[in-house]
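S.K.: What follows is a structure written as structure tokens; I'll ask about it next.
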Ligand SMILES: Cc1cc2nc3c(=O)[nH]c(=O)nc-3n(C[C@H](O)[C@H](O)[C@H](O)COP(=O)(O)OP(=O)(O)OC[C@H]3O[C@@H](n4cnc5c(N)ncnc54)[C@H](O)[C@@H]3O)c2cc1C
């Protein structure tokens with residue numbers, strides 16, 4: 001089916017208005033941001049709604065990328081293109097540029113938002129893996145106020161998040177830690193496609209040894225913990241190819257891919273190992289090339 005069922009359209013003028021509308025209209029209402037996930041679901045009758053609440057006028061409130069000494073705050077309405085083009089964001093977190101270059105195509109990237117991506121919670125969605133890698137937290141607002149949740153608590157499973165009825169995601173917060181860098185590697189069947197498997201890595205180092213490592217995966221089962229076993233195995237060690245291989249093996253063991261049209265579970269597990277090695281190697285090389293951290 002190519003046309004969504006009729007819905008009543010509402011346009012929120014600010015965050016309070018959006019939350020008020022969601023509260024008043026109840027279960028049959030959903031906010032729409034870029035529309036690149038919600039509209040296809042409405043056309044396929046996978047989302048059966050009576051009301052959509054357009055939050056595109058909230059770009060002034062939710063379109064920011066702001067930096068403080070310890071944290072970057074990204075508004076939920078920041079578009080993929082803006083994440084790709086922000087020089088300052090990519091200076092701290094080059095993983096965003098790596099991931100955004102291979103998310104969909106320019107048409108989708110011009111409209112799709114980080115908030116929509118995280119709230120869609122598609123297990124193959126790349127920004128959830130990026131935010132997991134960077135140990136992000138999500139700010140959720142409802143009628144009763146705001147709450148901040150970790151990515152582990154935010155992502156509840158495929159297409160399910162901690163954002164409840166009557167609430168919206170307003171901001172993503174990422175800690176800035178010194179002497180760190182990050183990278184993202186993805187295999188897709190063709191340009192613009194969803195991942196067969198992806199792996200993001202963030203590494204922090206001092207005096208030539210690894211202080212901490214986090215790894216986030218996409219398309220191979222839910223992983224929102226940053227795989228602590230990798231951090232434990234690599235902490236205090238000097239980076240080497242053997243170490244990257246060890247981390248790759250741990251990542252392969254900590255994913256849960258299924259066999260589908262994109263490949264067999266074994267193939268995806270193999271990819272996770274290889275992509276994790278690559279992302280770790282790139283992150284370490286980026287730290288070594290830094291002159292500012
Ligand atoms: C052809 C194509 C290829 C794609 N390829 C990739 C890819 O390779 N990798 C990838 O990661 N993604 C991919 N995507 C998805 C793309 O990134 C979407 O833009 C993204 O998933 C959803 O963002 P959106 O702003 O369009 O959300 P919408 O479609 O507007 O909303 C999605 C869901 O999130 C909810 N929502 C939106 N904003 C909020 C908010 N602030 N608070 C609470 N709920 C909210 C909506 O109610 C809806 O349920 C692709 C999409 C298309 C169409």
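S.K.: Of all the Cα-Cα pairs you can form in the stretch 111-170, what percent are over 17 Å apart?
M.R.: Looking at the stretch 111-170, the distances longer than 17 Å represent 31 percent of pairs.
S.K.: I need two numbers for the stretch 50-125: Rg to one decimal and Dmax as a whole number, Cα atoms only, in Å.
M.R.: 12.9, 44
S.K.: Right, another one. Once you wrap a convex hull around the alpha carbon atoms of the stretch 1-139, what is its projected area averaged over all directions, in nm²?
M.R.: 8.8 nm²
S.K.: Given R₀ = 30 Å, what would the calculated FRET efficiency be for residue 266 paired with residue 238, taking r from the Cβ atoms and rounding to 0.05?
M.R.: 0.40
S.K.: Hey, another quick one. Which shape class, rounded, prolate or oblate, goes with the stretch 142-290 when its Cα gyration tensor gives a ≥ b ≥ c as root eigenvalues, a/c under 1.5 marks rounded, and past that a/b bigger than b/c marks prolate?
M.R.: The shape class here is oblate.
S.K.: Give the calculated FRET efficiency between residue 149 and residue 64 to the nearest 0.05, with a Förster radius of 22 Å applied to their Cβ-Cβ distance.
M.R.: 0.65
S.K.: Let me ask something else about it. When the helices in the chain are scored as -39500 (n - 2.57) per DSSP H run of 4 or longer and the sum is shared across all residues, what 222 nm value do you end up with, to the nearest 500 deg cm²/dmol?
M.R.: -10500 deg cm²/dmol
S.K.: Sorted from fewest to most neighbouring beta carbons within 10 Å, what does the list 159, 184 look like?
M.R.: Arranged by neighbour count, lowest to highest, 159, 184 become 159, 184.
S.K.: I would also like to ask the following. Can you bin the stretch 8-55 into rounded, prolate or oblate? Criterion: square roots of the alpha carbon gyration tensor eigenvalues sorted a ≥ b ≥ c, rounded for a/c under 1.5, prolate for a/b above b/c, oblate for the rest.
M.R.: oblate
S.K.: Right, another one. State, as an integer percentage, the relative contact order of the stretch 62-175 based on alpha-carbon contacts under 8 Å between residues 6 or more apart.
M.R.: 29 percent
S.K.: How would 67, 154 line up from fewest to most surrounding beta-carbon atoms within 10 angstrom?
M.R.: The most exposed by this proxy come first: 67, 154.
S.K.: How high is the relative contact order of the stretch 116-245, given as a whole-number percent (alpha carbon pairs under 8 Å, six or more residues apart)?
M.R.: RCO, the stretch 116-245: 25 percent.
S.K.: What is the distance in Å between the Cα centres of the stretch 100-156 and the stretch 189-257?
M.R.: 19 Å
S.K.: Here's another thing I want to ask about it. So for the chain: antiparallel DSSP bridges make up what percent, rounded to the nearest 5?
M.R.: Here the antiparallel bridges make up roughly 85 percent for the chain.
S.K.: Could I ask something else about it? Using all C-alpha to C-alpha distances in the chain, build P(r) with 5 Å bins and read off the rounded percent in each one.
M.R.: That works out to 1, 6, 12, 17, 18, 16, 13, 8, 5, 3, 1, 0, 0, in percent per bin.
S.K.: Within the stretch 144-186, name every residue whose backbone N is under 17 Å away from a label modeled 7 Å from Cα of residue 8 along the Cβ vector.
M.R.: Residues 166 fall inside that zone.
S.K.: So, one more: Going by how many other beta carbons lie within 10 Å of each one, how would you line up 147, 262, fewest first?
M.R.: 147, 262
S.K.: What distance in nm lies between label points placed 7 Å from Cα along the C-beta direction at residue 91 and residue 190?
M.R.: 3.9 nm
S.K.: I would also like to ask the following. Full-extension gain between residue 39 and residue 225, please, as 0.36 nm times their residue separation minus the C-alpha to C-alpha distance.
M.R.: Here the segment from residue 39 to residue 225 would lengthen by 63.9 nm.
S.K.: GNM on the chain, C-alpha springs below 10 Å: top fluctuator among 95, 172, 32?
M.R.: 32
No value in this document is a laboratory result; all are computed from the given coordinates. Not measured: the values here are computed from a predicted model. Counting neighbours? That spans all protein chains shown, and the Cβs are built from the backbone with ideal geometry, glycine included.
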